[in-house]
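> The structure follows.
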Amino acid sequence: MKNIFKVFIMTAGLIVSFNVNSFALVDGAVWGGYVFNGEVENSTDEPTGANYGAKAHYNTSLIPLIELGLGGYYQISKYKFDIMDDTLQRQSIGLDVNLILSLPIIHPYVRGTYAFWDKYEDDVERFKAYGVGAGLELTVFPFIRIFGEYMYENTEHYSSYLRTNSVNFGLKADI
C-alpha cells in the first residue's frame, strides 16, 4: 500500500510540474550573437562578426509537451571580411518557426528561418535566405526565459552564396 501511495504522489507531482510550465499564446525575444565562421562562394575569405535581432511567435500546442511557434523575425548581421578588408551589413526579415519541448524549467528547441527580404549593402534579394538551428531555453521567472542557440544561415547575393555559423544569446518574454 505504501508503494502505491508513493507512486501516486510521484505521478501527481510530475503532472503538476508539467502543468505549471508557463505556456504562452504569444512570445517575443531579443538576442545578440557572434558569427564565428563563414564561407563565401569562390573565395577563401571567412567572414566573422556580430549579429542581433528580434522575433515574435504565435504559439500552439501540437501534442502535450510540444509547442509550435509561428512568427517573424528581423536580424542585422555585421560581417568583417579579412581578404577584402571590408565590413558589410546584412538585414533580414522573414518567417521564424520554433518547435519547443516544454519541460518544467529547461526547454530544448529547434528553429528554422526563411527570409522573404534579405538586404546585403545595396543588393536586395527576395526568398533567397534560410537558416536552421537548435537551442536551449531556461525559465528564470514565470513568463521570462533566457536562451542560447546555434544557427546556420545561407543566403545568396551577387550570384554567390554566403554561409555562416553563429551563436546567439537572448531574452524571451511569454505573454
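> Once you put a point 7 Å from the Cα of Tyr52 and another 7 Å from the Cα of Leu88, both along the Cβ direction, what distance in nm separates them?
Label-label distance for Tyr52 and Leu88, simple model: 2.3 nm.
> Quick check for me: using +1 on Lys/Arg Cβ and -1 on Asp/Glu Cβ, what's the dipole size of the chain about its Cα centre, in debye to the nearest 20?
Dipole about the Cα centre, nearest 20: 1160 debye.
> Could you give the angle, 0 to 90 degrees to the nearest 10, between helix 2-19's Cα long axis and the longest principal axis of the Cα atoms of the chain?
Roughly 40 degrees, rounded to the nearest 10.
> Also, I was wondering about something else. Quick one: if the Förster radius is 30 Å, what FRET efficiency do Phe116 and Phe141 give, using the C-beta to C-beta distance and rounding to 0.05?
Once the sixth-power term is evaluated, E becomes 0.30.
> Tell me which of Gly72, Pro104, Phe36 sits at the most positive position along the dipole axis of the chain, charges placed on C-beta atoms (Lys, Arg +1; Asp, Glu -1).
Positive-most Cα among the choices belongs to Pro104.
> Can you compute the FRET efficiency between Tyr158 and Ile66 using 1/(1 + (r/R0)^6), with r the Cβ-Cβ distance and R0 = 45 Å? Round to the nearest 0.05.
It comes to 0.65.
> Could I ask something else about it? Across the range 23-174, how many lysine pairs separated by 8 or more positions, or lying on different chains, have Cα atoms within less than 24 Å?
Lysine pairs satisfying the spacing and distance rule in the range 23-174 number 10.
> Here's another thing I want to ask about it. Taking a temperature of 10 °C and a viscosity of 1.306 mPa s, what whole-number D in µm²/s does Stokes-Einstein yield for the chain with Rh from Kirkwood over alpha carbon pairs?
90 µm²/s
Rule-based calculations on the coordinates, nothing more; no lab input. Everything numeric here is computed off the predicted structure, so don't read it as measured data. Methodologically, a virtual Cβ is constructed for each residue, glycine included, from the backbone with ideal geometry; neighbour enumeration extends over all protein chains shown.
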